[in-house]
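J.: Take this structure, written in structure tokens, and hold onto it; I'll ask about it next.
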Ligand code: CP
Ligand code: NVA
């Protein structure tokens with residue numbers, strides 16, 4: 001049976017570690033000049049209804065390095081943009097492609113696409129979640145800290161798609177997570193309940209409280225794609241939810257900072273903190289490539305299992 005990555009919870013704890021181990025291996029070997037054409041001749045369709053730099057380029061380069069090719073499909077240029085149903089698009093694309101990556105608004109559309117596709121579907125971001133980003137984040141955190149279990153990650157800002165996927169990533173790998181967000185901007189209620197039940201998640205309105213003893217401090221934009229009309233309101237609501245040097249003093253001495261990017265300097269993160277931690281932030285961006293190569297191999301390589 002085909003396997004999809006529609007949300008991070010589709011992967012068990014063990015499968016997440018398998019992705020990370022394979023991502024590390026592919027990264028090491030790529031840097032050593034060893035090529036792996038594990039997806040020779042395979043095609044990945046990439047549907048984008050929202051902008052992207054990292055997701056688009058890392059998937060396209062990733063499948064090329066694995067011996068396959070990617071097709072960039074802007075949602076406005078294909079018939080989806082003119083109202084062709086997702087279920088028909090899914091059945092047509094399944095006749096041509098070996099996998100589909102989709103970035104769009106509604107999680108429901110990604111779930112429907114997967115339901116009607118006979119090839120694996122990968123979620124490249126929805127309003128609800130961003131699983132590929134969190135796999136790259138976990139890979140990066142493990143590279144720096146050599147473990148995940150027992151670490152504490154503090155997330156400062158909007159309880160958005162990143163916060164939702166980070167809850168799953170932390171709980172599945174045994175990391176504690178503390179989210180500081182204003183009232184009314186908490187992550188998905190069901191995920192919060194699930195996270196709290198695990199004993200690993202706490203939600204607070206106080207960024208300092210969230211950051212105490214943190215190994216990793218994470219933030220994301222105040223207004224996500226699709227929320228542009230709320231930008232001014234959000235600037236007011238989130239004005240105390242940012243990472244600066246003062247806030248980082250509450251974290252562990254060797255704290256690392258993560259940001260999925262793109263970043264808005266001097267909104268959710270000061271320019272000073274961003275530049276001081278730029279190596280780990282750009283390592284995180286690089287790891288999108290390696291983590292997604294691992295995901296594509298695990299989902300699209302028919303010679304595996
Ligand atoms: N972090 C991330 O998904 O970046 P893009 O929007 O550039 O793809
Ligand atoms: N929360 C952001 C993440 C971008 C990678 C957005 O959805 O725009």
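Every read-out reported here was derived from the displayed coordinates using simple, explicitly stated rules and does not represent laboratory data. Computed from a predicted model, the values in this text were never measured in an experiment. Here Cβ is always computed from backbone atoms with ideal geometry, including for glycine, and neighbour counts include all displayed protein chains.
J.: Which three extents, in whole angstrom, do the alpha-carbon atoms of region 164-295 cover along their principal axes, largest first?
T.: Over region 164-295, Cα extents along the principal axes are 34, 34, 33 Å.
J.: Over all pairs of distinct alpha carbons, what does the Kirkwood formula give as the hydrodynamic radius of region 251-305, in Å? List each step's numbers first, then the result.
T.: On the way: mean 1/r = 0.0753 Å⁻¹.
Value: 13.3 Å, from the Cα pair sum.
J.: For helix 107-116, what angle does its Cα long axis make with the longest principal axis of the chain, in degrees from 0 to 90 and rounded to 10?
T.: Helix 107-116 sits at roughly 20 degrees to that axis.
J.: Starting from the coordinates of the alpha-carbon atoms of the chain, obtain the Kirkwood hydrodynamic radius over all distinct pairs and give the value in Å to one decimal.
T.: Values: mean 1/r = 0.0511 Å⁻¹.
The answer is 19.6 Å.
J.: I'd like to compare 165-171, 66-72: which one has the highest average count of other Cβ atoms within 10 Å, and what's the full order after that? Kindly include the intermediate steps, with their values, before the conclusion.
T.: Details: 165-171: 26.6, 66-72: 17.1.
Order by mean packing, descending: 165-171, 66-72.
J.: Find the percent of Cα-Cα distances in region 129-174 that exceed 12 Å, and round it to a whole number. Before the final figure, lay out the partial values.
T.: Working: 622 of 1035 pairs.
The share of Cα pairs beyond 12 Å in region 129-174 comes to 60 percent.
J.: Specify the inter-centroid distance of region 120-139 and region 150-194, based on alpha-carbon positions, in whole Å.
T.: 15
J.: Roughly speaking, what is the centre-to-centre gap between region 77-92 and region 222-278 when only Cα atoms are used, to the nearest Å?
T.: Cα centroid of region 77-92 versus Cα centroid of region 222-278: 37 Å apart.
J.: Let me see the P(r) profile for region 1-68: every Cα-Cα distance counted, bins of 5 Å, each bin given as a percent of all pairs.
T.: Per 5 Å bin, starting at zero, the Cα-Cα P(r) for region 1-68 comes out as 3, 13, 16, 25, 25, 15, 3, 0 percent.
J.: Which angle between 0 and 90 degrees, to the nearest 10, do you get for helix 131-145 versus the longest principal axis of the chain when only C-alpha atoms count?
T.: Long axis of 131-145 versus the principal axis of the chain: about 60 degrees.
J.: Considering just Cα atoms, how many Å³ per residue does the convex hull of region 91-178 enclose? Let's see the in-between values first.
T.: Numbers: hull volume 8.9 nm³, N = 88.
Residue-normalised Cα hull volume stands at 101 Å³.
J.: Shifting gears a bit: Using the eigenvalues of the Cα gyration tensor, what equivalent ellipsoid semi-axes result for region 132-235 when each is taken as the square root of five times the eigenvalue, whole Å, largest first? Show your work: numbers first, answer last.
T.: Working: eigenvalues 99, 44, 33 Å².
Ellipsoid half-lengths, sorted descending, are 22, 15, 13 Å.
J.: Per residue, what volume in Å³ does the convex hull of the Cα atoms of region 41-107 enclose?
T.: Numbers: hull volume 5.5 nm³, N = 67.
Expressed per residue, the convex hull around the Cα atoms of region 41-107 is 82 Å³.
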